[in-house]
Structure formats: structure tokens, C-alpha cells
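The block underneath contains the structure these notes are about, expressed in C-alpha cells.
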Amino acid sequence: MNGTTRTLTLLLALLLAAVPAAGADLGSNQHLIPELRVNESIETIAISAELSLQPEWDGSVTTGIPFGSIMVHTADARTLIFDSDGNQLLSISDELSAKVPTPAGVEKPCTWLHQLPNDSRVYHHDNATFIFGKAGTLILTVINEHPPPVEDPITINITSPAEGETVWIDVVPPRVAVVGEVHAPAGLHNVVVRSGTGEVSCGNRPEFACSVPVSAGENTITVVADTHGPLAEKTVNVTVHIGLPPPPAIAVSGRVTDASGNPVPGALVRFESVFTLDDEPLAGTNVTGEDGGYLVTTPGYRQTITVEKEGYAPLREEFIFENSTNTLDLELEPLPRTVPGFDSVVGVLSLVGTLLLVGRKRR
């Protein structure tokens with residue numbers, strides 16, 4: 001051990017010896033608060049200057065409060081001052097008393113701020129604060145009966161997209177713009193927006209707006225506020241479709257008949273739009289009833305219509321509608337009937353045989 005180390009060790013030992021042990025004068029059981037006797041006859045007054053501790057008190061308000069006093073900050077915004085035996089000395093209105101700025105920039109009643117001797121030490125126990133002088137003498141006890149302050153909660157407001165919203169995206173890779181605001185009383189370190197596809201950082205301003213990657217289908221977007229205290233988050237669920245948003249839907253009704261005007265029941269009617277949903281065409285279908293009637297609702301004014309029914313030639317036509325509600329009757333052509341057991345191959349062979357016979361007779 002060199003000389004410098006020995007000197008430092010000796011100084012540390014002297015300092016420790018000069019400071020009274022914490023257990024000797026800071027124990028809560030060794031400084032019990034006496035029974036406080038409230039004197040209701042004492043008039044509540046206002047203080048116009050900061051209170052300070054005085055070794056002795058001459059009974060005047062402006063002198064200060066004596067060493068060993070007990071100050072009680074009540075829940076009804078008053079400060080009661082008792083002597084060390086529990087006898088009430090003063091009753092002060094915190095609301096009427098002068099306000100003194102604190103180092104944190106907050107103004108508090110002057111009864112909450114006290115000039116303490118140098119080298120004072122503070123010991124907190126429950127709602128009481130014990131202040132000791134350099135020699136370990138108890139010079140002030142402060143009891144706070146005010147209810148604990150209600151912490152201003154962290155709130156996240158997502159203004160866009162809305163919960164359950166359907167979003168159409170025509171760019172690849174798809175991204176959704178997330179806009180909102182964070183209220184963080186303790187300060188904001190960072191705002192992160194994430195989805196099942198990825199995440200982005202939106203900075204540390206209360207108002208945020210950034211674009212997060214998403215995928216087609218159901219997506220849960222989470223906004224995380226990283227404050228100087230606890231984390232806070234809020235989620236919103238959206239459905240993402242790839243492509244241009246479709247126009248308003250149109251309704252088309254009518255009847256499917258044959259060439260004679262007879263209804264064709266059981267026919268499959270399909271209206272296919274030029275718009276797509278997740279790369280699949282948007283379509284509406286219906287099956288005709290006994291009277292051949294149908295009703296189809298589909299997006300877009302331009303439609304490719306197909307009608308299919310066994311025994312009829314398929315119908316395929318393109319229409320451009322002009323109204324949101326339309327009427328369109330469709331006609332099917334029946335297929336040529338074939339004689340059972342007489343198919344096309346047999347028919348061709350029979351035709352060839354007939355021609356040969358006719359040729360022989362002409363010779």
C-alpha cells in the first residue's frame with residue numbers, strides 16, 4: 001500500500017467517524033411523532049414570505065418556525081405547525097400564501113419551501129420527512145397528508161387509419177401512412193410504428209406521421225411511444241387490398257329467356273368487372289329463378305356478362321352501364337338436339353354412304 005492510498009484511507013476513516021451512524025439518529029422508531037393537538041381557535045392566516053427555521057421563536061409570524069417543529073401539509077390545502085411536543089402554533093392557508101418558484105420552475109406555496117441549515121440530512125418514512133442537523137439533532141418534521149398526485153397518463157391518438165378500415169394500395173411494396181399524436185407528460189424519446197411486415201421510427205415529436213410496410217389482408221399496426229418513463233402502445237386493425245379502389249357498386253336485374261321468350265330457370269349469370277381485388281377480378285353472380293329473373297350487384301360500370309345453362313349455347317357479352325340501377329334482359333340460344341344413338345361420327349359416315357349410293361345410281 002503506497003503513501004497516497006494510506007492517506008486516502010485515513011481521510012475516509014476520519015469522515016466516517018465524524019458522521020453519526022444512520023441507525024443512531026435516522027431510525028423511525030427513535031423519533032416518534034408526538035400526538036398532535038389541533039387548536040381550532042387558531043385563526044388561519046396567509047404567509048407573504050418564505051418560511052425559515054429559527055433556533056428560537058418569539059411568537060411572531062415573520063420570524064419563522066423554531067427548530068424541532070412539526071409541519072403538517074393537510075389535504076385541504078393548509079399547513080399546520082406544531083412544536084416538538086405536539087402543540088399547534090400556526091394555521092396557514094396554502095392557497096392564500098405567496099407562491100415561491102422552485103428550481104424545477106414550478107411555483108409552490110411558501111409553506112412548502114424552507115431554508116435548512118447547511119449539512120442537513122433528510123430521512124423519509126411513509127408520508128413523513130425527518131430533517132436532521134449536522135450533529136444529528138432533529139430540527140424539522142414534515143408530514144404530507146396531501147393525496148398523491150394523479151399522474152397524467154400517456155395517451156396515443158391514431159387519427160389515420162381508423163380501426164377496421166379497408167385500405168386500397170396500388171404501389172408495390174404496399175405501405176400504409178399512420179398519422180397521430182402522443183401525449184407524454186414526462187417527455188418523448190421516440191415513436192415507433194410496426195406491423196407484421198416491418199417497423200419504422202417516427203422521431204420524438206408529439207405529432208407523428210410515417211409510412212409502415214404492410215401485406216395484403218388483415219394487418220395489426222402498433223404505435224409504441226418510448227417515453228422517459230414507461231412504454232405505451234396502441235394498436236389499430238386494417239384490411240389491405242392491392243389495387244385501385246373500386247367505384248360504387250351498380251345493381252342489374254332482368255330475365256333470362258330463350259328465343260321464344262320462355263324463362264330459363266337455373267341459369268348462372270356472372271358479371272365480371274374490370275377492377276381486381278388482390279389480383280383477382282371482382283365479380284357478382286346469381287342463378288335465375290323459375291321466372292328466369294336475376295339480380296346482381298357488382299362494382300363498376302363496365303362489365304363482362306356470361307350466362308351458362310345446360311342445353312343452351314353460352315352467352316358472353318360486354319356492357320357499359322350508365323346508372324347505378326339497371327335493367328337488362330338476356331336471351332339464350334338452345335343447342336341443336338341430337339338423336340339418341342346417332343352421334344356426329346355416325347352421321348358423317350351415313351352421309352358419305354348416301355353420297356356413294358347416289359353416285360352409283362347416276363352412272
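General observations
- Counting every C-alpha pair in segment 168-241, the share spaced more than 16 angstrom apart comes to 46%.
- Candidate aspartates and glutamates for bridging to residue 108, where Cα separation is under 12 Å - those fewer than 8 sequence places away on the same chain excluded: 50, 94, 95
Read-outs throughout are calculated quantities, based only on the coordinates presented, and are distinct from any laboratory measurement. Just so it is clear, the structure is predicted and the values come from calculations on it, not from any experiment.
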